[in-house]
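Step one of this worksheet: look at the structure below.
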Amino acid sequence: MATKLGKLERVDLRTGWGSEPFEFTPWLAGEDNLKMLGDAIGIEFELVSQEHTVGDFRADILCKNTADDSWVVIENQLDNTNHKHLGQLLTYASGLEAKAVVWIASSFSEEHRAALDWLNRATAEHIGFFGLEVELWRVDNSLPAPKFNVVSRPNEWSRTVTLENISSETKQMQYRYWTALIDLLKKQRSQLRLQSPQPQHWQIFAVGTSGVCISAIQNTSKKRIGVELCMTAKNTAKAYFNLLKRDQAAIESEIGAALEWKELPQKTTSKIILFKEADPADESDWPKQHQWFKETIEKFDRVFRIRLKGIDPEEWPEDGTEAA
């Protein structure tokens with residue numbers, strides 16, 4: 001007997017959102033919907049504000065890229081793209097020095113698609129322009145479901161690096177080391193948000209909170225590797241560190257190991273670290289090291305992500321002393 005299948009049909013956008021500023025923008029700014037958008041283009045967002053003032057204009061949505069704490073501007077339409085919105089996007093991007101610009105519309109003209117492609121070729125490699133068409137679909141009488149289709153994006157959402165343009169042997173080794181780790185994470189379908197490998201001793205992973213990231217590190221001189229939660233924002237690093245430390249016993253139990261808790265009072269940054277003795281220069285040992293990285297980074301992400309979301313940095317007093 002043939003399997004009974006439903007009928008897929010496209011739904012008019014105005015059926016789901018009657019108003020762009022009062023319905024579509026607030027919907028898009030929702031945590032789950034920003035995650036859906038982020039999944040489409042490979043950025044993890046943290047909402048900063050809606051209708052953010054930039055000079056005489058207002059950007060629809062302003063976010064932070066949690067991987068590097070950079071600004072992301074999102075401009076959305078329920079209609080076809082037009083010159084007005086393109087001009088607004090460029091105004092917002094320059095006014096905020098954004099590193100990512102996201103334009104969402106019902107459909108893109110060839111001219112506007114070509115404009116974004118040209119901007120991605122002509123601007124600095126660490127700045128990206130994304131164009132997405134939004135659709136609504138349903139099966140039979142189901143609720144409409146949104147879908148984002150990427151029509152323009154940077155060829156590489158990070159600075160392009162090749163072994164040919166890295167002169168140092170150490171830097172070449174670091175680049176190959178992280179490239180092999182990223183390849184493993186892709187092969188094993190890890191849900192971690194991946195950044196392109198760089199010729200440096202660390203590799204960053206977003207953890208969903210601005211000013212905080214997970215960093216994989218390697219040290220050939222000390223022959224060890226490690227995973228650390230880095231809190232880097234001047235106004236919140238110490239608060240996050242101390243509020244997490246209240247839960248140290250439970251965190252270490254979930255991680256399955258004792259961690260190094262480094263507040264670093266004389267510095268802005270604070271860190272929570274797990275080290276492993278291993279020699280990154282021993283390429284024959286890379287598969288074991290990378291498997292340890294995968295399991296440990298995913299564990300850090302699982303343990304810290306939910307806790308960070310539940311923390312209000314303002315709960316920690318500025319003088320660092322808690323009330324009795």
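So here's what we get for this one:
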| item | result |
| --- | --- |
| Hey, residue 119 modelled with pLDDT of 90 or more, open to solvent by less than 60 Å² (accessible area, probe 1.4 Å) and either more than 30 Å from residue 16 (Cβ to Cβ) or not polar (S, T, N, Q) (or both) or not | yes |
| Some residue of the stretch 181-190 being closer than 13 Å to residue 294 by Cα and small (Gly, Ala, Ser) | yes |
| Some residue of the stretch 19-27 being touching a Leu at 6+ places or on another chain (Cβ under 7 Å), closer than 17 Å to residue 148 by Cα and not basic (Lys, Arg) | yes |
| Matching residues in the stretch 241-278 - criterion: being assigned to a strand (DSSP E or B) and of a type in the set (S, T, N, Q) | 270 |
| The stretch 67-97, subset among the aliphatic types (A, V, I, L, M) and either touching a residue at least 40 places away in the same chain (Cβ under 8 Å) or touching an Asp or Glu at 6+ places or on another chain (Cβ under 7 Å) (or both), residue surrounded by the most Cβ atoms within 10 Å (Cβ to Cβ) | 74 |
| Residue, surrounded by the fewest Cβ atoms within 10 Å (Cβ to Cβ), within the stretch 169-217, restricted to residues that are in a helix (DSSP H, G or I) and aromatic (Phe, Trp, Tyr) | 175 |
| Residue within the stretch 98-112 that is within 14 Å of residue 60 (Cβ to Cβ), among the polar types (S, T, N, Q) and either in contact with an Asp or Glu (Cβ under 8 Å, 6 or more places away or on another chain) or not in a loop (DSSP other than H, G, I, E, B) (or both) present | no |
| Top-ranked residue of the stretch 63-84 - restricted to ones that are modelled with pLDDT of 90 or more and touching a Phe, Trp or Tyr at 6+ places or on another chain (Cβ under 7 Å), ranked as nearest to residue 114 (Cα to Cα) | 81 |
| Residue within the stretch 256-266 that is at pLDDT 95 or above, touching a strand residue (DSSP E or B) at 6+ places or on another chain (Cβ under 9 Å), buried (at least 16 other Cβ atoms within 10 Å of the Cβ) and under 14 Å from residue 307 (Cα atoms) present | no |
| Candidate set from the stretch 12-60 (those that are of a type in the set (S, T, N, Q) and more than 22 Å from residue 80 (Cβ to Cβ)); member that is least open to solvent (accessible area, probe 1.4 Å) | 49 |
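The values are calculated or read from the model by the stated rules, or taken from the named source; none is laboratory data. Note that the coordinates shown come from a computational prediction; the quantities given were computed from them, not determined experimentally. Using ideal geometry, Cβ is built from the backbone for each residue, glycine included, and neighbour counts are taken over all protein chains shown. These area figures cover heavy atoms from the full protein model, side chains too; ligands, DNA and RNA do not enter into them. Shrake-Rupley method; radii C 1.70, N 1.55, O 1.52, S 1.80 Å.
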